[in-house]
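The block underneath contains the structure these notes are about, expressed in structure tokens.
FYI, it's all coordinate maths here, none of it is from the lab. For clarity, every value in this text was computed on a predicted model and none was experimentally measured. Virtual Cβ from ideal backbone geometry, glycine too; neighbours counted across all protein chains shown.
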Amino acid sequence: MARTNPASPAPRSRRSWVRHMVAWTLAALAVLFFCTHLDKLHRPSSKQLNSRSVGRFAPRDVSLGTPDIAVKVENIPVTLGKRDVERLLIIGDVHGMGKELNTLLEKVIYDKKHDHVILVGDVVTLGLENKDVVDLARKDKWSAVTGNHEWQLLAAFDNYNSYDLEKLTSALKDPQSPELGKLTSAYNDAHLFPQPDKVKLAKKIKLDVQLANDLGDANLKWIRGLPHVLRVGDIQSLGHVVVVHAGFIPNVEFKDQSLLTILNLMNMQAEDGTYKPVEKGGEWWADAWNSLQKQTEDEQKRTTVVYGHDQGRGLKLESNTLGLDSGCKKGGTLTALILKPGKDYETESVKCRTMKKKYE
Ligand SMILES: [Mn+2]
């Protein structure tokens with residue numbers, strides 16, 4: 001009797017308990033689902049991040065051209081003086097000048113077994129042997145940081161390869177068209193300061209897309225994977241040595257720097273208690289960096305920045321900033337900084353051909 005009586009208290013309470021369990025489990029799953037997707041709801045889409053991109057130009061790589069991407073800081077994969085690493089060769093802006101790079105490597109008697117090469121960015125664009133340079137860097141497992149030209153190259157490829165490029169070509173027929181401004185805006189986002197000359201920008205986009213295709217997938221993947229800041233280690237009186245393409249805002253952690261700033265910085269100006277990069281005027285970032293380092297008495301606790309980018313100032317060897325862009329692309333020289341254990345650094349340079357900018 002009790003078995004078939006639905007009003008019997010024991011089975012009813014068991015059923016109600018099961019109902020409660022099911023209800024609570026569903027509620028818990030709903031909360032869990034909401035929490036895991038909350039993050040996505042709040043994460044800006046590629047379009048929101050790259051607000052100046054238009055229509056079909058929403059970039060494939062979400063963060064390109066946006067200053068809010070995280071700065072990627074890595075260590076070089078070797079230690080000077082350990083495991084056969086006898087020298088570190090840090091080479092200035094190569095800009096695809098493969099012949100000069102080879103001459104420089106011959107001059108320093110490069111030995112891939114005992115030398116580790118680090119490139120300061122702007123490895124490609126402008127020169128004639130871009131692919132050879134990246135092929136060699138990959139083959140010999142060199143280190144490198146991203147330069148502003150690599151950043152722009154990726155922005156051009158990701159935003160304008162195929163369809164976009166055709167539209168750009170037709171818009172170029174009317175340099176005054178507002179369309180040209182819209183079409184170049186995604187590429188302009190990859191610059192620290194907006195470039196007013198849209199025709200020049202459009203021509204440069206086409207060259208960059210062409211170059212990206214010429215380099216091939218493997219080389220483009222290598223460029224895409226480059227860090228933005230490289231820690232080289234502690235080297236005698238230079239203290240902690242760090243490589244970046246252009247420079248740093250003093251007193252800001254590397255990871256908290258703005259990416260477009262460290263790829264382009266030359267001069268800066270104090271504003272709201274911090275420094276902001278400026279196109280003209282202001283103060284040289286390296287001056288502020290060096291005076292700040294001098295406040296640390298122990299030389300080995302200072303940080304020395306090795307950088308490129310500033311071919312206007314050229315080879316600039318200050319106490320804690322070593323600028324290596326000696327203007328190879330403009331008929332200057334290509335320079336290598338040579339670091340050996342227990343020795344002062346040396347530099348070696350070779351003369352370069354003059355390259356004309358094809359987009360001017
Ligand atoms: Mn540069």
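An oblate overall shape is assigned to the stretch 153-205, the ratio a/c of its alpha-carbon gyration tensor axes (a ≥ b ≥ c) being 1.5 or greater and a/b not exceeding b/c.
The equivalent ellipsoid that matches the C-alpha gyration tensor of the stretch 63-351 spans semi-axes of 32, 23, 16 angstrom, in descending order. Within straight-line reach of Lys204, meaning a Cα separation under 20 Å, sit the following lysines at least 8 residues removed in sequence or on another chain: Lys131, Lys167, Lys173, Lys182, Lys329, Lys330, Lys356, Lys357, Lys358.
When Ile262, Ile249, Ile118 are arranged by Cβ crowding within 10 Å, least crowded first, meaning fewest neighbours, the order is Ile249, Ile118, Ile262.
For Ala27 and Lys276, FRET efficiency with R0 = 51 Å and r from the beta-carbon atoms, rounded to 0.05? Efficiency, from the Cβ-Cβ distance: 0.55. Once a ≥ b ≥ c are taken as the square roots of the eigenvalues of the Cα gyration tensor of the stretch 66-108, is the result rounded (a/c under 1.5), prolate (a/b larger than b/c) or oblate (a/b not larger than b/c)? Oblate, since a/c reaches 1.5 and b/c is not below a/b. Size descriptors for the stretch 265-360, from the alpha-carbon set: Rg then Dmax equal 15.9, 48 Å. Cross-link list Lys99/Lys340; Lys72/Lys112; Lys107/Lys200: which exceed 31 angstrom alpha carbon to alpha carbon? Violating the 31 Å Cα-Cα cut-off are Lys107/Lys200. Applying the criteria of a DSSP loop state and at most 13 other Cβ atoms within 10 Å to the trypsin sites (Lys or Arg not before Pro) of the stretch 95-177 yields Lys112, Lys113, Lys141, Lys173.
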